[in-house]
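Q: The following block contains the structure, expressed as structure tokens.
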Amino acid sequence: MRIEKVEKNKEKYMELLLEADPEAEVVKQYINKGDMYIGIENEKVVCEILITEVNEQECELKNIATLEEFRGKGYAKKLIEYVFEKYKNQYKRMIVGTTENMIPFYVLSGFTKYHHTVKNFFIDNYSEEIYDGDLQCIDMYYYYKELI
């Protein structure tokens, strides 16, 4: 997989971004505030990741998604490893906010330390109920990885 930074026209990848964050208005709030990278396999964009700055010491993995037919093949993990390496000299830690169902994926990807929980995040910030599989998303769980 080849990884490229997206410098402009990030909205071109909105459909893929919406795979991870289902409300366009929410995505529009952060899409141009961070660095976006895409993973390309056989000249097809198969995944994306978007990193934003939280403060001078922390960055956040704000959005990551893989096209459905390419899931389970390690593309997202490769993107995460890429950004860990890329940002290790710039930030002390990287955080990620996630749903309850996705905690195991992020822990296996290196986000092994609990950071905090935002109660009712999905209820307060989305116009419709959000589901991850059969589980309604209510709270946002944040985990982190030390980069240094």
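The values are calculated or read from the model by the stated rules, or taken from the named source; none is laboratory data. These figures come from a predicted structure and were not determined experimentally. No Cβ is skipped: glycine too gets one built from the backbone with ideal geometry, and neighbour counts run over all protein chains shown. These accessible areas exclude ligands, DNA and RNA; they are computed on the full protein's heavy atoms, side chains included. Shrake-Rupley method; radii C 1.70, N 1.55, O 1.52, S 1.80 Å.
Q: Every residue in the range 41-56 that is loosely packed, with under 14 Cβ neighbours inside 10 Å and within 16 Å of TYR13 (Cα to Cα), please.
A: Those that are loosely packed, with under 14 Cβ neighbours inside 10 Å and within 16 Å of TYR13 (Cα to Cα): GLU43, LYS44.
Q: Exactly one of these conditions fails for ASN32: (1) in contact with a helix residue (DSSP H, G or I) (Cβ under 8 Å, 6 or more places away or on another chain); (2) open to solvent by 40 Å² or more (accessible area, probe 1.4 Å); (3) in contact (Cβ under 8 Å) with a residue 60 or more places away in the chain. Give me its number.
A: Every listed condition holds for ASN32 apart from (3).
Q: Got a sec? Which of LEU108, LEU135, LEU79 is touching a Gly at 6+ places or on another chain (Cβ under 9 Å) and over 17 Å from GLU23 (Cα atoms)?
A: After ruling out the rest, the residue left standing is LEU79.
Q: Does TYR106 fit the bill of being aromatic (Phe, Trp, Tyr), out of contact with any helix residue (DSSP H, G or I) (no Cβ under 7 Å at 6 or more places or on another chain), farther than 26 Å from GLU15 by Cβ and surrounded by 15 or more Cβ atoms within 10 Å (Cβ to Cβ)?
A: Criteria not met by TYR106.
Q: I would also like to ask the following. Which one of the conditions (1) open to solvent by 80 Å² or more (accessible area, probe 1.4 Å); (2) over 23 Å from ILE138 (Cα atoms) does GLU19 fail to meet, given that it meets all the rest?
A: For GLU19, the failing item is (2).
Q: Among the strands (runs of 3 or more DSSP E) contained in the range 1-82, which hold 1 or more residues that are out of contact with any Lys or Arg (no Cβ under 9 Å at 6 or more places or on another chain)?
A: The strands (runs of 3 or more DSSP E) meeting that bar are 2-6, 44-53, 58-66.
Q: Here's something else I'd like to know. Output yes when any residue across the range 83-97 is under 22 Å from ASP139 (Cα atoms), open to solvent by 70 Å² or more (accessible area, probe 1.4 Å) and outside any strand (DSSP E or B), and no when none is.
A: Checking the range 83-97: not a single residue is under 22 Å from ASP139 (Cα atoms), open to solvent by 70 Å² or more (accessible area, probe 1.4 Å) and outside any strand (DSSP E or B).
Q: Restricting to the range 57-68, and then to whatever is open to solvent by 30 Å² or more (accessible area, probe 1.4 Å) and modelled with pLDDT of 95 or more, can you tell me which residue is farthest from LEU16 (Cα to Cα)?
A: GLN57
Q: Answer yes or no as to whether VAL96 is at negative phi, more than 13 Å from the chain's Cα centre (by Cα) and modelled with pLDDT of 95 or more.
A: Criteria not met by VAL96.
Q: Within the range 124-147, restricting attention to residues that are open to solvent by 40 Å² or more (accessible area, probe 1.4 Å), in contact with an Asp or Glu (Cβ under 9 Å, 6 or more places away or on another chain) and not in a strand (DSSP E or B), which residue is modelled with the highest pLDDT?
A: It comes out as ILE138.
Q: Also, quick follow-up: Among (1) in contact (Cβ under 8 Å) with a residue 24 or more places away in the chain; (2) under 13 Å from the mean Cα position of the chain (by Cα); (3) within 26 Å of ALA24 (Cα to Cα), there is one condition THR52 misses while meeting the rest; what is its number?
A: (1)
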